[in-house]
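Encoded as structure tokens, the structure appears first; notes follow it.
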Amino acid sequence: MPKGLVHYYFRRKPDLLEALVERLPHPVRGADVAVAGDALAGLRALVAALDRALDASSVLSHLLWREADTHPVVRDALLRRAGELEDAVHEVLAAGGGAPDRIRAAARLLAAAIGHRYALDRHGADDRTDMEAELSFVAAGL
């Protein structure tokens, strides 16, 4: 496509990058995969759904995270996405039951672990590890 056409729709590079963030698959809603009374089953379903969504956009995700260091608008948009992931994990854990303060802390921790897993995937890790040990640990701790 002609370069001028891109500049017609996006005045600056950060505008284009921010629009690309919106093209990433929306995080899975925790309520859509939560299993009442069974946090582990809900977490397994959440990670499986995230894997399917992120497999469809791994190149775009890699490009955007690379640009996040130099474009605050992209970093902020990606951080909002990370917050949505934490909220989804929280919804799944809350449906499984447990003390609210422990659930929030566990959601924050597990969302960071999931994000780290996908960060490694973006950098060429050939075999994405399953998260069974981490999911089981968090579910048992609640």
Convex hull volume of the chain per residue (C-alpha atoms, cubic angstrom): 112
Accessible-area value, residue 55, 1.4 Å probe, nucleic acids and ligands omitted, Å²: 90
Selection from 33, 140, 116, by position along the positive dipole direction of the chain (Cβ): 116
At most 16 other Cβ within 10 Å, DSSP loop - chymotrypsin sites (Phe, Trp or Tyr not before Pro), segment 1-54: 10
Largest to smallest accessible area among 1, 131 [probe 1.4 Å]: 1, 131
Size of charge dipole - the chain - debye, nearest 20, with Cβ of Lys, Arg +1 and Asp, Glu -1, no other charges: 560
Relative pair counts by distance (%), Cα atoms of segment 42-96, 5 Å bins: 4, 18, 20, 23, 17, 11, 6, 1
Residue of 44, 11, 29 that the Gaussian network model of the chain assigns the largest fluctuation, springs spanning Cα pairs under 10 Å: 11
Burial order of peptide ranges 99-105, 114-120 (average beta-carbon count within 10 Å, highest first): 114-120, 99-105
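For segment 1-60, take the convex hull of the Cα atoms, compute a quarter of its surface area, and give me that in nm², please. Before the final figure, lay out each step's value.
On the way: hull surface 21.1 nm².
Across all orientations, segment 1-60 yields a mean hull projection of 5.3 nm².
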Accessible surface of the chain, 1.4 Å probe, proportion on carbon and sulfur as whole %: 58
Sequence of 86, 91 from largest to smallest accessible area, 1.4 Å probe: 91, 86
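The values are calculated or read from the model by the stated rules, or taken from the named source; none is laboratory data. None of these values were measured; they are calculated from a predicted model. So basically every Cβ, Gly included, is an ideal-geometry build from the backbone, and we count neighbours across all protein chains shown. Side chains included, ligands, DNA and RNA excluded: accessible areas come from the protein's heavy atoms. Shrake-Rupley method; radii C 1.70, N 1.55, O 1.52, S 1.80 Å.
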